[in-house]
Structure formats: structure tokens, C-alpha cells
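**Student:** Just passing along the structure, written as C-alpha cells.
The values are calculated or read from the model by the stated rules, or taken from the named source; none is laboratory data. Since the structure is predicted, the reported quantities are computational estimates derived from the model, not experimental observations. Positions of Cβ are generated from backbone atoms using ideal geometry, with glycine treated the same way; all protein chains shown enter the neighbour counts.
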Amino acid sequence: MRTAVVTGAGSGLGHAIAAELIERGYRVHVTDVDAGAADRVAVELGTEARGSALDVRDEAACRGLADSIGRTGSLDLWVNNAGVFYSGPPWEQSAEKRQTMLDVNVTGLMNGTVAALGPMRIAGKGHIVNVVSLAGLVAAPGEVTYSATKHAAIAFTLGTLFDLRRSGEKKIKLSAVCPDGIWTPMLEDKLEDLDAAPSFSGRLLTAEEVAKEVGKLTERPRPVLIVPRWRGPQLRLFDLFPRLGLRLLPLVMWDARRRQRRYKRLIESGKWP
């Protein structure tokens, strides 16, 4: 049986990914900084799930988990899903919030990736999936620090993949998953937050939808997966033509806020999700 680790799996997307992987025949280590949440999810998912506390900011803890799995079997898949999101212009954010996003979204992802590569390089195979965001493909107004951490995550994922190929490693795969806004606890308190409106600018996804795509990715790996696929090229236009992006910004934010209000009405009336 294949073995997987999912970080930040105590709720939301991580929970859904863990459930999807079990459906696909994996034994899953459900990890979260909240040990109780990880244990509850593991109990819910059954005998092929094991819950444990893991703070991805702790490099030694990440290495310890990866090495212990490698010593007793094979580490086939590591999903770096843990992340935090604070909205607002950078000058309005506290240094603590900016640092937390960097520590979890960037350093935590690096720690998990490097930890997983230890046993995977010994075995000569494995797959690391880094859950990023569409915010990693565009300079998202109102979410700029978060967006910067996600740009870093994509650069690290692809750069590490290139280095693996350069070193002769052909069977270790790395993937960056870039989903649009997902209805998880991370967004549940953002329905009235104007700065977070860009997260509602497309079709809001469910955790289960994205988890299904991650499941498919484990069977057919690719370096970058955008969910939904059409959103990537659309958003990249703003990076390619920044002057045009600045001119269109008022219209884009107006439309994002309109969609945000619409989702608020649907959610409060019980019509979505």
C-alpha cells in the first residue's frame, strides 16, 4: 500500500485531500499543527489514516516524520497543504502577520519538500505536491503578502524539480497546484472583507473539487496544475501587461466585490455550497 503525508489536514482542503487519497488506496498520515484536529480527521477517515501533530515551521519535525516513514516502508507522496492567509495592504499588516505567512507558506513548504526528498531520493521515486494558489500567478491586490509567498512557493517547486533533473533524478515528481478561491475555513470570515474580494473573483471552488484534481494529479503528475485551467491564462494577462492591469483594476475589484456579495447571499440562504 502506498503511503502519503498531508500537512494542514485538520480541516478544509487538507481534510478533503486526505479523504481522496484514502479512496485511491493510500495509507495517509493526517498532520496538522492542531493535534486534536488531526486526530479527529484520522478517526473519521478510518483505519488507513493516522493523525499526528506537525508544525511545518519545525524543520526537524518534518524530517523526523519523513525519515520514520522511510525506515519502515516507502514515502510515496507528500502533500504540502498547510497555509495561512491574511488580507490587506502590506502597510496595514503587522510584522507578525507578514512573518507568519512567510514562515508557514514558504519556509513550511520548503521544510516539507526537503524532508520528503530524503527518503524519496534513497528510494529513487516519489511525488511531492505543493498546494499553492492562483495568487501565485498574479499580483493579487488586497492579498499582496499572501500572493508574494505563493509566488515563492511556485518558484521553489519548479526550481527544485529542475535541480532534481539536473542531478539525474528522473522518477521523483514535483507539482504545484494553483486553485482559484476555495470555500474553506480560510475564507469563511472573508465575506465582508473588501481586501479579500479577489479570492471571490472567479467561481468559488469546494475543497472536494480541488481534492479530486489533486487525486488525479497523483496518477498523472505534471509540474503545474491550475484549477480551473482557464483561469491561469486569464490572470497572467495582468502580469504580462501591468499598465493595462492598473487601468482595469477598478473594474476588476468592482466585479470581485459583486461576486463576493453574491456568494454571501447564497451561503446565508443555504443555496451554496
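The rows are residues; the columns are (1) under 20 Å from ILE182 (Cβ atoms); (2) of a type outside the set (A, V, I, L, M).
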| residue | (1), (2) |
| --- | --- |
| GLY14 | yes, yes |
| ARG40 | no, yes |
| LEU54 | no, no |
| ASP58 | no, yes |
| ALA61 | no, no |
| ASP67 | no, yes |
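**Student:** Same structure, new question: Output the residues belonging to the stretch 131-143 that are crowded, with 20+ Cβ neighbours inside 10 Å and of a type in the set (A, V, I, L, M).
**Tutor:** VAL131, VAL132, LEU134, ALA135, LEU137, VAL138, ALA140, listed by residue number.
**Student:** Report whether or not GLU209 is in contact with a strand residue (DSSP E or B) (Cβ under 6 Å, 6 or more places away or on another chain) and either at pLDDT 95 or above or not polar (S, T, N, Q) (or both).
**Tutor:** no
**Student:** Working carefully through the options THR113, THR100, find the one that is closer than 30 Å to THR72 by Cβ, modelled with pLDDT of 95 or more, in a helix (DSSP H, G or I) and among the hydroxyl-bearing types (Ser, Thr, Tyr).
**Tutor:** Step by step, each of THR113, THR100 is checked, and only THR113 is closer than 30 Å to THR72 by Cβ, modelled with pLDDT of 95 or more, in a helix (DSSP H, G or I) and among the hydroxyl-bearing types (Ser, Thr, Tyr).
**Student:** A follow-up question, please. Cβ contacts < 6 Å: first residue closer than 21 Å to GLY14 by Cα, restricted to the stretch 188-211; second residue of a type in the set (Lys, Arg) and surrounded by 21 or more Cβ atoms within 10 Å (Cβ to Cβ), any location; separation 6+ or different chain. Result?
**Tutor:** Close Cβ pairs (under 6 Å, with a partner that is of a type in the set (Lys, Arg) and surrounded by 21 or more Cβ atoms within 10 Å (Cβ to Cβ)) do not exist here.
**Student:** Take the conditions out of contact with any His (no Cβ under 9 Å at 6 or more places or on another chain), of a type in the set (D, E, K, R) and touching a residue at least 40 places away in the same chain (Cβ under 8 Å) and apply them to GLU48. Does it pass?
**Tutor:** So GLU48 fits the description; yes.
**Student:** Right, here's the next one. Restricting attention to the stretch 12-29, which residues are on the phi > 0 side of the Ramachandran plot and in contact (Cβ under 8 Å) with a residue 60 or more places away in the chain?
**Tutor:** GLY12 - this is the single residue of the stretch 12-29 that is on the phi > 0 side of the Ramachandran plot and in contact (Cβ under 8 Å) with a residue 60 or more places away in the chain.
**Student:** Tell me, please, whether a residue that is assigned to a helix (DSSP H, G or I), out of contact with any Ser or Thr (no Cβ under 9 Å at 6 or more places or on another chain) and of a type outside the set (Ser, Thr, Tyr) can be found in the stretch 169-191.
**Tutor:** No: the stretch 169-191 contains no residue that is assigned to a helix (DSSP H, G or I), out of contact with any Ser or Thr (no Cβ under 9 Å at 6 or more places or on another chain) and of a type outside the set (Ser, Thr, Tyr).
**Student:** Go through the residues of the stretch 84-94 one by one and say whether even a single one is of a type in the set (Phe, Trp, Tyr), touching an Asp or Glu at 6+ places or on another chain (Cβ under 9 Å) and closer than 30 Å to TRP254 by Cα.
**Tutor:** Yes, that holds for at least one residue.
**Student:** Limited to the stretch 204-220, what total is found for residues that are assigned to a loop (DSSP other than H, G, I, E, B) and surrounded by 15 or more Cβ atoms within 10 Å (Cβ to Cβ)?
**Tutor:** 1
**Student:** Show the residue pairs meeting these rules: Cβ distance below 8 Å; 6+ apart or different chains; first residue within the stretch 249-273 and in contact (Cβ under 8 Å) with a residue 12 or more places away in the chain and assigned to a helix (DSSP H, G or I); second residue loosely packed, with under 12 Cβ neighbours inside 10 Å and not hydrophobic (A, V, I, L, M, F, W, C).
**Tutor:** Going by the 8 Å Cβ cut-off, the qualifying pairs are LYS264/GLU192.
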